[in-house]
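Below you'll find the structure, written out as structure tokens, and then a few comments.
The values are calculated or read from the model by the stated rules, or taken from the named source; none is laboratory data. A quick note: this is a predicted structure, and the numbers were derived from the prediction, not measured. For neighbour counting, all protein chains shown are included, and Cβ atoms are generated from backbone atoms with ideal geometry for every residue, glycine included. Only protein heavy atoms, including side chains, enter the accessible area calculation; ligands, DNA and RNA are left aside. Shrake-Rupley method; radii C 1.70, N 1.55, O 1.52, S 1.80 Å.
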Amino acid sequence: MLKVVNLVGARPQIIKASAISRAIKGTFSKKIREVVVHTGQHYDHTLSEVFFEELKIPKPDINLKAGSGSHGAQTGTMIIRIEEMLNEIQPDAVILYGDTNSTLAGSIAAAKMHIPVVHIEAGMRSFNKDMPEEINRIMCDHVSTLLFSPTITGFKNLIREGFMPENTPPYHINNPKIYHSGDIMYDNSLFFGKLAEQKKQLLKKLGVKHNAFALVTIHRDNNTDIPERLTAIFEALLTIGKIYKIPLVLPLHPRAKKSLASLNGSLSEEIKKSPYLKIIPPVSFLEMTLLEKTAGIIMTDSGGVQKESHFFNKACLVFRPETEWVELINNGTALLVDADKQKILDGFNKYWLKKGLRFPEFYGDGHTAEFICREILDNLSIRD
Ligand code: UD1
Ligand code: UDP
């Protein structure tokens with residue numbers, strides 16, 4: 001029996017881990033044993049617990065309770081605690097997701113203990129190292145043994161950085177294997193897409209109707225922590241509400257909520273009084289999926305939400321100057337509007353209720369998690 005640590009920390013990682021957990025529970029229950037470990041990076045009920053309950057992931061066997069902090073303090077605490085945990089569990093591999101500080105900490109701790117790192121969502125690059133996530137993902141990729149890229153672009157990024165697609169087994173940190181595997185988030189959207197209808201009462205509660213509202217999320221540090229950027233985004237949202245007379249639903253990350261509270265007085269008053277902006281706490285994954293399926297348009301700085309817009313055939317305005325998910329931009333269904341009021345307004349005008357958009361399948365066949373588990377099993381069962 002192969003023993004893997006399935007390491008999560010932030011909201012999107014818990015959601016992604018559910019796809020791997022499902023595959024292990026299904027096809028691989030007799031071959032792979034997972035130990036779910038939570039670093040504790042996210043700890044609010046709405047950013048953590050709710051997903052374990054709803055997505056039926058085994059509750060974390062261990063919570064390292066690292067909590068919030070500066071990058072160094074948070075990552076350092078995690079490395080120390082992950083190392084202790086790995087010493088105790090002695091897994092055959094550690095599975096890491098995406099690009100958070102939990103990913104970075106897990107990769108450093110595991111690689112230096114000679115435990116193979118499996119990186120899911122490898123190869124994604126914004127080519128902007130001002131983003132903490134860009135540093136985290138590059139560092140993690142370069143100490144990984146199996147690297148699963150969701151897109152062909154990510155796969156090519158890895159080759160450009162010196163990874164060799166022709167490597168043959170046995171794989172090792174010095175002889176890593178790269179895959180263009182598809183995206184486990186697409187597996188999730190297929191699995192949970194229908195179940196989301198259970199949450200229909202949320203639409204009633206919010207007073208929104210199919211294709212008649214915009215869904216908005218904001219959480220990137222450069223949008224929440226730079227007042228000029230947050231101001232520009234909110235000025236644009238207020239203007240859209242007034243011109244189009246439509247509700248804008250914002251399930252707001254606590255980081256954005258805190259920053260909103262410190263915006264200049266008159267804007268913050270206007271936001272509070274606006275009949276169009278519906279600011280609510282973060283929602284569960286099924287609720288979010290339902291909102292994505294029913295929104296007329298999606299505006300976000302989230303990586304995951306950009307892709308989910310595509311899965312549910314929605315146009316997406318991206319509050320960033322660049323994205324890792326370039327195929328969405330090239331497809332003409334997502335648009336980089338940065339935190340630029342005029343670009344946001346122009347983008348909205350272009351895409352609101354636009355017909356005839358096409359959403360090709362860029363993200364695999366919906367069975368990526370099984371593929372990944374099979375490769376882990378075949379390649380990491382005997383440790384060097
Ligand atoms: C993190 C990831 C980001 C990911 C996002 C997903 C890093 C560097 N960033 O950003 O890549 O897209 O998660 O949502 O790893 N906070 C709470 N409650 C919580 C957790 C955080 O209120 O449960 C607040 C705290 O004030 C904290 C701030 O949010 O300081 C930032 O949290 P942190 O985990 O450092 O980064 P995120 O912005 O959530
Ligand atoms: N999400 C959610 N509830 C919310 C906002 C987002 O369940 O209120 C989900 C969303 O559907 C996606 C994931 O969280 O699957 C994206 O996480 P986030 O935007 O926090 O991080 P990123 O993807 O940018 O790293």
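Applied to the stretch 69-79, the Karplus parametrisation 6.51 cos²θ - 1.76 cosθ + 1.60 on θ = phi - 60° returns per-residue 3J(HN,Hα) values of x, 5, 4, x, 5, 5, 5, x, 4, 5, 4 Hz, with x for Gly and Pro. Geometric descriptor of the stretch 260-384, per residue, is 184 Å³ (volume of the convex hull of the Cα atoms).
Above 14 Å, the calculated P(r) of the stretch 144-187 contains 46 percent of its Cα-Cα pairs.
Ordered by solvent-accessible area of protein heavy atoms (1.4 Å probe), largest first, the residues K31, K258 come out as K258, K31.
The value of relative contact order for the stretch 125-211, using C-alpha pairs under 8 Å at least six residues apart, is 26 percent. Counting Lys +1, Arg +1, Asp -1, Glu -1, what net charge surrounds L64 among other residues with beta carbon under 13 Å of its beta carbon? Residues close to L64 contribute a combined charge of -2. In the stretch 80-218, the alpha-carbon atoms span a convex hull of 171 Å³ per residue. Among L328, L238, L146, which one shows the highest mean-square fluctuation when the chain is modelled as a Gaussian network with alpha-carbon springs under 10 Å? Among L328, L238, L146, the largest GNM mean-square fluctuation belongs to L238. Helix 368-380 and the long axis of the chain differ in direction by around 20°, with both axes built from C-alpha atoms.
Mean-square fluctuations from a GNM of the chain, with a 10 angstrom spring cutoff on Cα atoms, peak among S107, S262, S126 at S262. Taking all protein chains as they are arranged and a probe of 1.4 Å, the heavy atoms of D92 leave approximately 30 Å² accessible to solvent.
In the stretch 51-201, the DSSP beta bridges split such that about 10 percent are antiparallel, to the nearest 5. Applying the Karplus relation 6.51 cos²θ - 1.76 cosθ + 1.60 with θ = phi - 60° to the stretch 107-116 yields 3J(HN,Hα) values of 5, 5, 4, 5, 4, 6, 9, 6, 9, x Hz, where x marks Gly and Pro.
In order along the stretch 342-354, the Karplus-derived 3J(HN,Hα) couplings, from 6.51 cos²θ - 1.76 cosθ + 1.60 at θ = phi - 60°, round to 5, 5, 5, 5, 5, x, 4, 4, 5, 9, 4, 6, 5 Hz, and Gly and Pro are given as x.
Between the amide H of R33 and those of L2, K3, V4, distances stay under 5 Å, these residues lying 5 or more places away or on another chain, with hydrogens modeled in the peptide plane. Let a ≥ b ≥ c be the square roots of the eigenvalues of the Cα gyration tensor of the stretch 211-286; is it rounded (a/c under 1.5), or, if not, prolate (a/b larger than b/c) or oblate? Since a/c reaches 1.5 but b/c is at least a/b, the shape of the stretch 211-286 is classed as oblate. Each Lys or Arg adds one and each Asp or Glu takes one away; over the other residues whose Cβ falls under 12 Å from the Cβ of M131, this sums to -3.
Alpha carbon centre of the stretch 255-303 versus the stretch 159-234: separation in Å? So the separation of the two Cα centres works out to 17 Å. Ordered from highest to lowest accessible area with the whole protein assembly present and a 1.4 Å probe, H367, H172, H38 read as H367, H172, H38. Within the listed set I15, I82, I246, the residue fluctuating most in the Gaussian network model of the chain (springs between alpha-carbon atoms under 10 angstrom) is I246. As a ratio to 2.2 N^0.38 Å, the alpha-carbon radius of gyration computed for the chain takes the value 0.97.
For R320, nonlocal amide neighbours, meaning residues 5 or more places apart or on other chains whose placed amide H falls under 5 Å from its own, are V337, D338. For the pairs K16/K354; K200/K293; K25/K56; K16/K355, note any where the Cα-Cα span goes beyond 21 Å. Violating the 21 Å Cα-Cα cut-off are K16/K354; K16/K355. Pairs of Cα atoms nearer than 8 Å and 6+ residues apart set the relative contact order; for the stretch 45-132 it is 23 percent. Normalised by residue number, the volume inside the convex hull of the Cα atoms of the stretch 35-148 is 107 Å³ per residue. Note on the stretch 46-96: the alpha carbon radius of gyration divided by the globular reference 2.2 N^0.38 Å gives 1.31.
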